[in-house]
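**Q** One structure is given below, represented as structure tokens, and several questions about it will come after.
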Amino acid sequence: MKRHKVRQTEARLKAGPLWQEEGFVFTDEVGHRLSPNTVYHNCKRLVASIGLPEARLHDLRHSYAVASLRAGDDIKTVQSNLGHHTAAFTLDVYGHVTEEMKRASAERDKVE
């Protein structure tokens, strides 16, 4: 991400007054958001290039959410990072992960 930020800063300087600051992390050469088709096709290409089975971009989002919860991030942080309107929605979608975590915690308590 640090390298990307440097490249984006270089693109901003090169574009000069044409740059449109819209607050996106990934942009085209003048600061506009990337089109969904561009993101989709590049994701497919990258996934194939590293030998992973076919995956949708949404699968990566889901993997992030699950890994984040398992790593101990609180639900409000995960909600914010995913852009969900409420923590309740995040829990509705990813509640299975928190249930698995509760069971694992109970099992650890039994051993101690």
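**Q** List the lysines whose Cα lies under 21 Å from the Cα of K2, skipping any in the same chain that are fewer than 8 positions away.
**A** Excluding near neighbours in sequence, the set is K14.
**Q** Need the list of lysines near K102 for cross-linking: C-alpha distance under 30 angstrom, and skip anything on the same chain fewer than eight residues off.
**A** Once the sequence-local lysines are set aside, what remains near K102 is K76, K110.
**Q** List the chymotrypsin sites (Phe, Trp or Tyr not before Pro) within region 1-34 that DSSP assigns to loop and that have no more than 15 neighbouring Cβ atoms inside 10 Å. Spell out each step's value before the answer.
**A** Details: sites: W19, F24, F26; in loops: W19, F24, F26.
Those satisfying the criteria are F24, F26.
**Q** Let me ask something else about it. Fewest Cβ neighbours within 10 Å first, please rank V78, V25, V39 accordingly.
**A** Sorted ascending by nearby Cβ count, the order is V25, V39, V78.
**Q** Where nothing but the Cβ of Lys and Arg (+1) and of Asp and Glu (-1) is charged, how large is the charge dipole of region 57-111 around its Cα centre, in debye to the nearest 20?
**A** 80 debye
**Q** Rounded to the nearest Å, what's the spacing between the alpha carbon centres of region 15-50 and region 60-112? Just the number, please.
**A** Each part reduced to its Cα centre gives a spacing of 29 Å.
**Q** Stretch L13-D28 to full length: gain in nm at 0.36 nm per residue minus the Cα-Cα span? Write down the numbers at each step before the final one.
**A** Details: separation 15, 0.36 × 15 = 5.40 nm, distance 1.34 nm.
Extra length from L13 to D28 when fully extended: 4.1 nm.
**Q** Which one, T38, A48, V25, projects farthest toward the positive side of the charge dipole computed for region 2-49 from Cβ point charges (K/R +1, D/E -1)?
**A** A48
**Q** Related question: Using +1 at the C-beta of Lys and Arg and -1 at the C-beta of Asp and Glu, which of A71, S105, V6 has the Cα lying farthest in the positive direction of the dipole of the chain?
**A** With unit charges placed on the Cβ atoms, the residue in question is V6.
**Q** To the nearest 20 debye, what charge dipole does region 1-99 have about its Cα centre, counting +1 at the Cβ of each Lys and Arg and -1 at the Cβ of each Asp and Glu?
**A** Its charge dipole is roughly 420 debye.
No lab work stands behind these numbers, since they all come straight from the coordinates. Note that the coordinates shown come from a computational prediction; the quantities given were computed from them, not determined experimentally. Here Cβ is always computed from backbone atoms with ideal geometry, including for glycine, and neighbour counts include all displayed protein chains.
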